[in-house]
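Peer 1: Would you mind keeping the following structure in view while I ask a few things?
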C-alpha cells in the first residue's frame, strides 16, 4: 500500500465526496470531511472510529475557513490532499435566471473552492508537498442550453486550477482538475437548483433537455465508487495529471468539442492572423 495520507474533502454527505471518503479509508488513508450540520457530522464520523473526522463548515462561510483548516492541521495532522468536492448544479435559461442565483452558484462552486485552496496552501508550501483536486465537470469544457451559470462556474474552476498548478509546481504541490461526465450522484436530483420557467420562446430548446436529464437521473453510466478509485489513482501518481476526465461520455463529448473548436479556428484563421502588425 502507498503511504497513508490525510485527505480533506469538502461535501462528504453524498455523491463523489462520500464515495471518495469511503474508498480512501478502505485504502488506509485518514479523511477529514466537511458537512453542513451536526447531524451530518455524527453520521459521517460513524463510518470509522479512528480514520474519519468531520467538521461542520459551509464553504461559503469564507471567514471561518482559515480557522477550520488551522484547527485540522493542529489536531488531526498535516493535510496532504485537499479535495474541493462541495458544489451543486443550477439549471435555468440564462435570460430567466436572476443574478442572485449566479452569485450563489459561483460562491459555492468557485469562491468556496478558492477559499479552501488559499487556506491549505501556506501549510503545503511550507512542507513543499501537497495535492489539490478540484472536482469540476465535463461542463467545464462543453456546454448545453439551460446550465449557463453552472458551466460558467466550472469553466472558471478549470482555469483557476490550471493556472494555480503552474504557480505552485515548484513547491512540490500538484493541482488536478477532475471533470466527471454523468454519474449516479444527486447532481441532477435533489442537489439541482432549478429556476422556474417564464419565457415560452425557450420551450423548444430547453424542455427536451430538462426532460432527458430528469429521465436519466439515477440511471447515469458513471459509478461514483469507480470515480473515487480513479481519483485515488491520481493522488497516488508520481506525476498527477493537470486534467482528468472521468467517464466515456465525458471523453467523447470533450473530444467532439475540441475537434469542432479546431475546425472553427481553421475556418477563421485568415481573419485571426489579419490583425497582426
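The values are calculated or read from the model by the stated rules, or taken from the named source; none is laboratory data. Every value quoted in this text rests on a predicted model; they were computed, and no experiment measured them. Reconstructed Cβ throughout: ideal geometry from the backbone, glycine too, with neighbour counts over all protein chains shown.
Peer 1: Out of (1) farther than 22 Å from residue 124 by Cα; (2) surrounded by fewer than 19 Cβ atoms within 10 Å (Cβ to Cβ), the odd one out for residue 73 is which?
Peer 2: For residue 73, the failing item is (1).
Peer 1: Give segment 242-253 a look and list any residue that's surrounded by fewer than 19 Cβ atoms within 10 Å (Cβ to Cβ), touching a strand residue (DSSP E or B) at 6+ places or on another chain (Cβ under 8 Å) and closer than 24 Å to residue 184 by Cα, or say none.
Peer 2: Correct list: 243, 249, 251.
Peer 1: Would you please list the contacts, defined by Cβ atoms under 8 Å and residues six or more apart or on different chains, that run from a residue in segment 253-275 that is more than 22 Å from residue 179 (Cβ to Cβ) to a residue that is outside any helix (DSSP H, G or I)?
Peer 2: If the second residue must be outside any helix (DSSP H, G or I), no pairs are left.
Peer 1: May I pose another question? Look through segment 44-57, keep the residues that are without any contact (Cβ under 8 Å) to a residue 24 or more places away in the chain and touching a helix residue (DSSP H, G or I) at 6+ places or on another chain (Cβ under 9 Å), and return whichever of them is farthest from residue 106 (Cα to Cα). Before you say what the answer is, go through the steps one by one.
Peer 2: Residues of segment 44-57 without any contact (Cβ under 8 Å) to a residue 24 or more places away in the chain: 45-46, 48-50, 53, 55-56.
Next, only the ones that are touching a helix residue (DSSP H, G or I) at 6+ places or on another chain (Cβ under 9 Å) stay: 48, 53, 55-56.
On the way: 48: 33, 53: 27, 55: 22, 56: 21 Å.
Across segment 44-57, the extreme among qualifying residues is 48.
Peer 1: Can you say whether residue 13 is under 20 Å from the mean Cα position of the chain (by Cα) and farther than 17 Å from residue 229 by Cβ, as far as the supplied structure shows? Reasoning before the result, please.
Peer 2: Values: under 20 Å from the mean Cα position of the chain (by Cα): yes; farther than 17 Å from residue 229 by Cβ: yes.
Yes; evaluated as a whole, the condition is true for this residue.
Peer 1: How many of the residues making up segment 125-138 are assigned to a helix (DSSP H, G or I) and surrounded by 23 or more Cβ atoms within 10 Å (Cβ to Cβ)? Before the answer, list the steps.
Peer 2: Initial filter on segment 125-138 (assigned to a helix (DSSP H, G or I)): 125-127, 138.
From what is left, the residues that are surrounded by 23 or more Cβ atoms within 10 Å (Cβ to Cβ) are 138.
The total comes to 1.
Peer 1: For residue 104, all conditions in the list (1) within 26 Å of residue 223 (Cβ to Cβ); (2) surrounded by fewer than 18 Cβ atoms within 10 Å (Cβ to Cβ) hold save one; what is the number of the exception?
Peer 2: (1)
Peer 1: Another question, if that's okay. Hey, any hits in segment 203-217 for a residue that's part of a loop (DSSP other than H, G, I, E, B) and touching a helix residue (DSSP H, G or I) at 6+ places or on another chain (Cβ under 7 Å)?
Peer 2: Here is the first cut: in segment 203-217, the residues part of a loop (DSSP other than H, G, I, E, B) are 217.
Pick out the ones that are also touching a helix residue (DSSP H, G or I) at 6+ places or on another chain (Cβ under 7 Å) and you get none.
No: zero hits.
Peer 1: Let me ask something else about it. Mind checking which pairs have a first residue in segment 176-197 that is free of Cβ contacts under 8 Å to residues at least 40 places away in the same chain and a second that is in a loop (DSSP other than H, G, I, E, B), Cβ under 9 Å, 6 or more apart or different chains?
Peer 2: 189/217; 189/218; 190/14
Peer 1: Just name the residue that is nearest to residue 83 (Cα to Cα) out of those in segment 224-272 that are part of a loop (DSSP other than H, G, I, E, B) and over 16 Å from the mean Cα position of the chain (by Cα).
Peer 2: Step one: of segment 224-272, the residues part of a loop (DSSP other than H, G, I, E, B) are 237-242, 247, 268.
Next cut, over 16 Å from the mean Cα position of the chain (by Cα) only: 237-240, 268.
Numbers: 237: 16, 238: 18, 239: 17, 240: 14, 268: 39 Å.
So the residue we want is 240.
Peer 1: For segment 150-167, which residues satisfy the criterion of being under 20 Å from residue 96 (Cα atoms) and either modelled with pLDDT under 95 or surrounded by fewer than 24 Cβ atoms within 10 Å (Cβ to Cβ) (or both)?
Peer 2: Passing the criteria: 151, 152.
Peer 1: Out of segment 44-56, which residues are at pLDDT 95 or above, under 22 Å from residue 87 (Cβ atoms) and assigned to a loop (DSSP other than H, G, I, E, B)?
Peer 2: Matches in segment 44-56: none.
Peer 1: Separate question: Hey, among 59, 31, which residue is assigned to a loop (DSSP other than H, G, I, E, B) and buried (at least 23 other Cβ atoms within 10 Å of the Cβ)? Spell out how you get there, then give the answer.
Peer 2: Working: 31 fails: assigned to a loop (DSSP other than H, G, I, E, B).
Just one listed residue meets the conditions, 59.
Peer 1: Of the numbered conditions (1) modelled with pLDDT of 95 or more; (2) surrounded by 11 or more Cβ atoms within 10 Å (Cβ to Cβ), residue 220 satisfies every one except a single condition; which is it?
Peer 2: Answer for residue 220: the failing condition is (1).
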